[in-house]
Amino acid sequence: MGAKLYNGFKNSLCVLLVLASSFLSFEFTFASPLPGEKCNVDPLPSWTSQEKWVWQKICSGDIADFNEAEGRFLDPFHDKNWPKNRIVSPTFIETILLHKPYSEALPRQGVNIGGAWFDQPIDLSGASLEHPLVLALSRFDKDVNLGYLKTSKPISFDGSKFKGVLLMHGAKIDSNLLMEFVDFDDELIMRGAEVGKELVMGNSKFKGQVNMESLRVGSNCLMEGAEFDREVTLRSAKIDGQLVLGGGSKFKRKVNLDKLQVDSSLFLNRGAEFRGEVILRSAKVGGQLVMGEGSKFEGQLNMGGLTVTSALFMEKAEFDGEINLNSAKVGKPVLLLSAIIGNLNISNSRFLSLNLSGTQVSGERGIVGNLNISNSRFSSLDLSDSHVSGKVGIVGSKFTSKVITHPVNGWLDGCEPSQRRPATCS
């Protein structure tokens with residue numbers, strides 16, 4: 001009888017110990033408040049009064065908008081009249097994004113702050129974010145490091161000002177990255193970054209170098225209306241949607257698109273200005289390549305080895321430097337209607353048809369312009385009403401249809417002497 005009591009007591013004790021162990025190892029979680037409810041996680045005593053206010057707004061699912069709270073808009077592009085009660089510390093941002101109980105109490109809207117002043121460096125490198133992050137119309141006085149950050153939620157810096165470097169190398173954002181109407185005083189580094197949906201950088205100003213080498217974008221990459229003072233690199237980048245560099249954008253230095261791959265169309269049109277060299281060497285465009293409609297290219301345009309699945313449009317554009325389309329392949333017509341070109345080299349290329357009607361090839365800075373289309377393959381070539389101040393070389397080219405040259409002003413090296421100005425040369 002005693003043995004049975006002892007064994008029963010021992011079994012009960014084991015159960016109690018297991019329950020106690022489970023209780024001690026249990027982590028209390030704080031669910032985000034229901035819609036309309038107040039925040040159920042109190043701010044830290046060490047936070048500033050404005051950070052406590054920001055937390056109460058965010059935790060309740062609202063936007064922490066300093067401009068709305070103060071009843072006035074402060075321009076992040078100008079330093080004047082910014083009070084210290086708008087300063088938000090990097091420690092606060094990291095705490096609410098990454099540390100319990102605050103990260104667990106965030107509602108589905110995530111962190112949405114407007115009109116804040118970040119006067120210290122922000123380092124979220126290697127972090128994993130589970131909520132959207134919006135820091136709009138704000139000032140960033142120091143470097144912001146988001147290198148190798150991972151998130152499935154969108155990130156937005158729309159309307160903000162970065163005085164330091166924005167580092168996003170190796171970041172993986174499986175949603176949208178929005179940086180429209182942003183002013184960058186220093187570099188933007190997105191080398192090897194991945195954006196799962198759209199990357200929007202339109203109407204922004206970039207005073208430092210923009211390095212997006214090996215960038216991956218799952219949808220469209222939009223940069224229309226932007227200004228770039230230094231070199232822009234998209235070398236070996238892959239864009240699953242459209243890449244838009246037109247719409248009045250200004251590129252003051254070299255644009256490196258070497259080995260770029262765009263699955264849809266590439267636009268460098270609608271009044272875009274390219275003052276330095278544009279490199280599209282060995283690039284692949286799955287749709288159209290559109291470079292006309294009033295765009296201006298002051299430097300060399302190197303498209304050697306370019307592949308375009310659809311058409312190449314370069315009409316009504318101005319090209320001051322040499323255009324190199326050597327060994328290019330274009331699946332549909334190439335149109336350079338009414339364009340102004342320095343020198344044009346499209347030797348060893350393959351085109352369905354090439355239309356240079358009304359185009360002027362005059363050379364760079366008054367130098368005689370030459371048109372070299374030797375050793376190329378065309379269905380048809382139209383040079384009607386074009387003007388070439390130098391030589392037109394078509395030696396070794398093959399045309400399955402016809403060549404219309406009259407009344408081209410130039411010398412056709414590929415024809416017999418008696419056919420130097422024929423109506424057709426085939």
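For this structure, a couple of remarks:
- Subset of region 243-291 [surrounded by fewer than 24 Cβ atoms within 10 Å (Cβ to Cβ), touching a Leu at 6+ places or on another chain (Cβ under 6 Å) and at pLDDT 95 or above]: 260
- Contact annotation: residue pairs with Cβ atoms under 7 Å, 6 or more positions apart or on different chains, pairing a residue in region 125-140 that is touching a residue at least 60 places away in the same chain (Cβ under 8 Å) and on the phi > 0 side of the Ramachandran plot with a partner that is polar (S, T, N, Q) and assigned to a loop (DSSP other than H, G, I, E, B), are 137/160.
- Test: residue in region 99-106 that is over 25 Å from residue 203 (Cβ atoms) and within 24 Å of the chain's Cα centre (by Cα): no
Yes or no, residue by residue, for (1) without any contact (Cβ under 8 Å) to a residue 24 or more places away in the chain; (2) farther than 20 Å from residue 262 by Cα; (3) surrounded by fewer than 22 Cβ atoms within 10 Å (Cβ to Cβ):
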{"site": "171", "(1), (2), (3)": "no, yes, no"}
{"site": "179", "(1), (2), (3)": "no, yes, no"}
{"site": "183", "(1), (2), (3)": "no, yes, yes"}
{"site": "186", "(1), (2), (3)": "no, yes, yes"}
{"site": "206", "(1), (2), (3)": "no, yes, no"}
{"site": "222", "(1), (2), (3)": "no, no, no"}
{"site": "237", "(1), (2), (3)": "no, no, no"}
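- Residue tally, condition assigned to a helix (DSSP H, G or I) and either surrounded by 14 or more Cβ atoms within 10 Å (Cβ to Cβ) or touching a helix residue (DSSP H, G or I) at 6+ places or on another chain (Cβ under 7 Å) (or both), over region 69-90: 4
- Scan of region 141-165 for residues that are of a type in the set (A, V, I, L, M, F, W, C) and within 20 Å of residue 98 (Cα to Cα), ordered by number: 144, 146, 149, 155, 157
- Every residue from region 40-78 that is touching a strand residue (DSSP E or B) at 6+ places or on another chain (Cβ under 8 Å) and aliphatic (A, V, I, L, M): 54, 58, 63, 64
- Residues of region 146-160 satisfying the condition of being buried (at least 22 other Cβ atoms within 10 Å of the Cβ) and either in a strand (DSSP E or B) or of a type in the set (Ser, Thr, Tyr) (or both): 151, 155, 160
- Any hit, region 116-138, residues being acidic (Asp, Glu), surrounded by fewer than 21 Cβ atoms within 10 Å (Cβ to Cβ), touching a Ser or Thr at 6+ places or on another chain (Cβ under 8 Å) and in a loop (DSSP other than H, G, I, E, B): yes
- Hits in region 323-350 - residues which are outside any loop (DSSP other than H, G, I, E, B) and either polar (S, T, N, Q) or in contact with a helix residue (DSSP H, G or I) (Cβ under 7 Å, 6 or more places away or on another chain) (or both): 324, 342, 343, 345
The values are calculated or read from the model by the stated rules, or taken from the named source; none is laboratory data. All figures in this text were calculated on a predicted structure; none of them were measured in a lab. Positions of Cβ are generated from backbone atoms using ideal geometry, with glycine treated the same way; all protein chains shown enter the neighbour counts.
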